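What follows is a set of notes on a single structure, which appears directly below.
The values are calculated or read from the model by the stated rules, or taken from the named source; none is laboratory data. The structure presented is a predicted model; accordingly, all values stated were derived computationally and were not measured. Counting neighbours? That spans all protein chains shown, and the Cβs are built from the backbone with ideal geometry, glycine included.
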Amino acid sequence: MWQQVALVLSILVTLSPAATTPWTYNCAPPVKPGTCLLKAVKIQDKDVIQPAATPSSDLEVCFEGSQLDYLPEALFGKFPKLETLGASRVGLKKLLAGNFAKPATLKRVDISSNYVGALPDSVFGTCVNLEVINVAENRLQLFNGVELIGCGKLRSLNVSSNRLIYFNWDPLVDLRQLEEVDLSDNLVGEMVVPKYVKKIVARNNHIHKLRTDRESFIFMLEQLDVSRNRLGNVDTLARFAKMTHIDLSYNRLLSLDFGLFRHMRGLRELNLAHNNIFAVTTSALKPLTLELVDLSNNELTRLSAVDSAGISSVERLLLNNNYLVSLEVTKGATNFPRIRSVTLDGNDWACRDIESTIAELKTKKVAVPSSEAKCSPNQIIREGLCCRDLGSSFEELVLLKAEKLAEIQQSSATPSTSTIKSVTQKAATVATPQSTTTNRPTKPDLDPTTSALKQAEAQIATLTSEKATLQATLAKAQNDIKALGEKLARCKSTVNQRTGQTVLID
Ligand SMILES: *[C@@H]1O[C@H](CO)[C@@H](O)[C@H](O)[C@H]1NC(C)=O
């Protein structure tokens, strides 16, 4: 049967006199019945392809090693039952109006890896049967979505690796079968999650805003990859109760409240790595049985049992490469009931603390994998982790110095009444007093937004320059930063971030 079809096909297709060589539908021996594999086809812009005399009943057409400046209408006339068109890597330069409008049987179109710069509004026609559209790796700059109106059966849309600066999400809202949208590697600035879509891959864009339809309450979204974007606020996520995988890595998050995820009973993986998170909190507790939480490569300094309660039921926790001085692990690691593995390397532990933390984790056979190769000069290695040999626990040190600080504050009679506190992102790490020889910190030309924190630091600095004091200052600063971070999370509405500084008005 196949040989017959192939024979018929091989005879065919006439060309206009304008074209130099006639074009024939020479189907290569099929991999599977109903498939026409067309090899080494060449169609140039100037070629006019005439309709074929005999139609073929093949359902699938694939091009291989071909060069097609455009897709002639005659091609679709030749295959009136076509369901799948594979025209990837054929050098396609443009699409014609109504290019995929006929045949109406068309279900899958793959024109990825070409040079298409625009989708004509009517490119898919009435679009009644299209299920899969792959336009990845082209040169699209705009996606206005009008071309998808009517694509009621569309399941998958792939526009990744184009040059999209604008993506109109509105037309997607009505596509009830649309499960998956991939728009990764573009320049899109905003995302509006449509209610029926289950999976969105929007990796590596310029997304700074995550929105959704205020009127809708049920969303199907299960998997969201918005890694490598510019998100500083992800509050909208709270609307998506069916989420199982969330990837927010490489964004601009400063703080996060795990209460945000409390309705997501199916959440398995939460990737928050490579942000600037310096404070996490848990405002509303509903334990989630997470498999993986990645908080690595952030700016955490402390993680208390209360703050981490929202993710306490995790199996694998990544905390490496932060500035952690303290991780609260209760006796027998009961505050992490399901934990099996935790990474702790690349932090700022005091040896005594990390030894006792690991001792508790070991009672539950928790793995603590470490890739610590070389410690910094002021660190030694304990339990495979770099730590500072302070001779006491960090908390003791802080307590001691806090008492001293209280004494000083009592004796210096001028309490700060400033109502504006300012904190810059890196304050936690630059809290070390600049100079131990600074005089009183009340110079008249000081920045009016100088915080009580800074004054306190300077006071300490004038007292003594011993190393332990610097440690205490740092700890105090870290504590205050964290408190501010929590405040920040609570009063977002009053935050003004235009200057790159976060100004908080109490
Ligand atoms: C979209 O296309 C790209 C490039 O061809 C591919 O790597 C990616 O896996 C596709 N996305 C989906 C969700 O299939």
* Asked: Wholly within the stretch 109-215, which strands (runs of 3 or more DSSP E) include no fewer than the required count, namely at least 3 residues that are out of contact with any Gly (no Cβ under 8 Å at 6 or more places or on another chain) and within 16 Å of the ligand (Cβ to nearest atom)?
  -> 132-134, 156-158, 180-182, 199-201
* Taking Ser283 as meeting all but one of (1) under 17 Å from the mean Cα position of the chain (by Cα); (2) surrounded by fewer than 17 Cβ atoms within 10 Å (Cβ to Cβ), write down the number of the exception. => (1)
* Might you let me know whether the stretch 247-269 holds any residue that is surrounded by fewer than 23 Cβ atoms within 10 Å (Cβ to Cβ), more than 25 Å from Lys195 (Cβ to Cβ) and among the aromatic types (Phe, Trp, Tyr)? => yes
* To do: Please tell me if Leu300 is at pLDDT 95 or above, more than 29 Å from Asp389 (Cα to Cα) and touching a Phe, Trp or Tyr at 6+ places or on another chain (Cβ under 8 Å).
  => no
* Asked: Ser184 fails exactly one of the following numbered conditions: (1) under 30 Å from Pro55 (Cα atoms); (2) crowded, with 17+ Cβ neighbours inside 10 Å; (3) in contact with an Asp or Glu (Cβ under 8 Å, 6 or more places away or on another chain). What is the number of that condition?
  -> (1)
* **Considering residues of the stretch 168-181 that are in contact with a strand residue (DSSP E or B) (Cβ under 6 Å, 6 or more places away or on another chain) and modelled with pLDDT of 95 or more only, the residue surrounded by the most Cβ atoms within 10 Å (Cβ to Cβ)** => Val181
* Do we find that Ile43 is modelled with pLDDT of 95 or more, touching a strand residue (DSSP E or B) at 6+ places or on another chain (Cβ under 9 Å) and under 29 Å from Arg163 (Cα atoms) in this structure? -> no
* What residue, among those in the stretch 389-407 that are under 18 Å from Ala359 (Cβ atoms) and surrounded by 14 or more Cβ atoms within 10 Å (Cβ to Cβ), is modelled with the highest pLDDT? -> Leu390
* To do: Tell me, please, whether a residue that is surrounded by fewer than 14 Cβ atoms within 10 Å (Cβ to Cβ), at pLDDT below 95 and among the aliphatic types (A, V, I, L, M) can be found in the stretch 361-380.
  => yes
* Asked: How many residues are part of a loop (DSSP other than H, G, I, E, B), out of contact with any Phe, Trp or Tyr (no Cβ under 6 Å at 6 or more places or on another chain) and away from the ligand (no atom under 16 Å from the Cβ) if we restrict to the stretch 216-241?
  -> 10
* How do the strands (runs of 3 or more DSSP E) wholly within the stretch 339-387 filter down when requiring 1 or more residues that are of a type in the set (Val, Ile, Thr) and over 14 Å from Leu327 (Cβ atoms): which remain? -> 380-382
